[in-house]
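First up is the structure itself, then whatever we jot down about it.
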Amino acid sequence: MLSQTFPRPRFRLLPHLSPRFFSSLCSNPQPTSLHPDQNPYDLLKSDPIELLSGLWGRAFSRPTPHLVPFPNLTGYLKSFDLWVLAYQRSCAHHTGTFPPRSAISYSHLQALLSLRCAVLSSPSTFPWGSSSDLILRSPADKPSKTRIGKRKFEQLLETAPPPFQDRVIQELLLLVLEPVLETRFSSKSHAYRPGRGPHTVIRTIRSNFAGYLWFIKADLTNVSIHLEPNTIIGYLEQAVSDRNVVRLVKSGLKRPVRPGSIEKEREELHGFAKKRLKRKILRASRKKKVLNENEPKPDPYWLRLFFGFAPEEAKTIPSYGHCGILSPLLLNVCFNELDFWMEDKIENYFEPSKFDSIWREKIDEGCHNPAWPEFVPSSGASKTRKMDYIRYGSHILVGIRGPREDAVQIRKDLMEFCATKFGFRLENSKIEIEHITRGIEFLDHIISRRVIYPTLRYTGTGGKVISEKGVGTQLSVTASLQNCITHFRKLELVKGDRDPEPLPCTPMLYSGQAHTNSQLNKFLETMADWYRYADNRKKIVGFCAYVIRSSLGKLYAARYRLKSRAKVYKIGSRDLSRPLKEATQNFAPEYSDLLRMGLVDVIEGVQFAHMSAIPSCDYTPLPRSWVPYHELVLKEYVKLQDPQFFCQLYKEARRGELESPQDVVAGVVWDYKVRGVWSKKLQEKDGGVGLLDN
């Protein structure tokens, strides 16, 4: 769930591993004419998944995607099958249900065809953000037959949300541009991309950032907010040379946005402000809302709680003009220039030292794997100079193994690069230099080190065994307990800071015990998964379970008039799995009888009531050349299309080289011990097939 970004999940069309997928990678969309009077059913000729799979295959089969822009995408924009798919995804966002093709009415298909003609006509007659001249309406919108005045009509236009037809075009552009741009993006970028997310950032830091002493943490949110449309279009033209796509994105960026259509953030009310509110206003705000027909259901309570734990790096989602959900992709297009600039910096900065214990010769030398219980010397006459870099959205983290003067110079170069390339100079407070001993906070995790004093034994001259005390460090990635308390306090589940006291979970006051326990169990499971790669996973998840269990105890004490949590735990047990409301009359059936007859829901106990039930930290190392699974499949498929690879595979099979199993096992164990991943040499000996063999 957390492999993506914290923002709300959206449907992604990744390649499928079926024969149908592989046969569709070479397919191209058939050209269609632009006539709004055509029968839309005659234009539905192919499967949109096959078309998109073919686009993913074409994008990953290009030899130099970083140097040459993708030439032609107009054929995909003209495909009516992709327009219908974009319409289905937009309906899923607006109504909460994904309608099948057969459920789309003829009038909506005709309106969708008219919208396609308006977008692709030359010159384009489609106005972004227009709420008065709608070509395509949302299926949830009901036509109004009542007359309104001109002033009220203007007020409605000023506060109208973005139209449904804009969302359809954004979905279409996202489907077409994402596979093309994914091949250009750097592996250092992890936000708003399929197969990557906060977990991959934390795992990369644990695997690759051991041994760094100085860290540069930069917040580029102000840079991303002040990106000019011409700057975004300039970087987009380096990746895509199709004029229709660039023209459509450019018109969406440059058309002015109405202030009333932007969703305003809710202002946080502090304690004194809440006390001043009248009880009637509070009761009106807590009233149950009756949903209209075709209105999507709100997120469940456990999901709203989890979204409240979004770290600072994931809270701000970029929004450029009328591009909407396309904005995060455009942000990565612009900051991809920064990623490649930092990669060049990393390569030029590297200076190996033979007297150091790690990175003695090569920049990617795998002679140290921090997932194993080894140590990195923290002092010595000369050390290897090396740095690494990672980016999550508008936030970057640079680790440096070298003197502080180098970190200051890199910080200065970074500020000059942003001023030159993006036209905005960063403030000094937005780029911080911290030493590893102070702890660096990133994605609600604290990166620090633990000092160890191992005994080093080696054979000296004359065969004598010499024992010396050494000083080493181990990288530690722990979850921030203080940030966790802060999030709970904002959600009104605890009060206080140093010694937090749980508060009753009032939003679940009118829900049954079974439903309440089930909702908060899902929240605890999600929190256990979120802190999966933290060293203190047991401690932080145990604290969350304590807050939830105590909050439910106070809630049930108020609901069932039991006066204290002790009585609640006495009746409902420690995990609150027993029913708290038993029948007092003799002729009424008990809970066990009702449960046996299937008339009541099973009450789940609150999870993680004991520390032994909480899973431990996942220390599985992330390989240095790691890529998401769908990219690995696409690269393997492109590799299989190469005739030279098949000739080499055939020769290996004909040669029939024999090797004892003991040698293979010994090589595998050594590689995992030293590198944490199976080396390429052994994969070549095994036939060079890699993934497909498994």
Legend entry - From phi via Karplus (6.51, -1.76, 1.60), per-residue ³J(HN,Hα) for the stretch 52-67 in Hz, x at Gly/Pro: 5, 5, x, 5, 4, x, 4, 5, 7, 8, 6, x, 10, x, 7, 9
Legend entry - In order through the stretch 607-622: 3J(HN,Hα) via Karplus (6.51 cos²θ - 1.76 cosθ + 1.60), integer Hz, x for Gly, Pro: 6, 6, 6, 10, 5, 5, 7, 7, x, 7, 5, 8, 9, 4, x, 9
Legend entry - Relative contact order (%) - criterion: Cα under 8 Å, at least six apart; region: the stretch 427-502: 23 percent
Inset, instruction - Return the long-range amide H neighbours of residue 494 (sequence gap of 5 or more, or a different chain), with a cut-off of under 5 Å between placed amide H atoms. - result: 489, 503
Legend entry - Relative contact order, percent, the stretch 463-561 [alpha-carbon distance under 8 Å, six or more residues apart]: 34 percent
Legend entry - Greater than 31 Å apart at Cα, pairs in 430/490; 145/250; 152/315; 383/464: 145/250; 152/315
Inset, instruction - Collect residues whose amide H, placed 1.01 Å from N in the peptide plane, falls under 5 Å from the amide H of residue 473; neighbours closer than 5 in sequence don't count. - result: 376, 378, 452
Legend entry - Whole-Hz ³J(HN,Hα) from phi, Karplus 6.51 cos²θ - 1.76 cosθ + 1.60, for the stretch 520-535, glycine and proline x: 6, 5, 5, 5, 5, 4, 5, 5, 5, 6, 5, 8, 5, 9, 8, 4
Legend entry - Under-5 Å amide H pairs with residue 70, H placed in peptide plane, nonlocal only: 240, 241
Legend entry - Rounded if a/c under 1.5, otherwise prolate or oblate - the stretch 414-495, Cα gyration tensor axes: oblate
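Values in this text are rule-based calculations from the coordinates and carry no lab data. Since the structure is predicted, the reported quantities are computational estimates derived from the model, not experimental observations.
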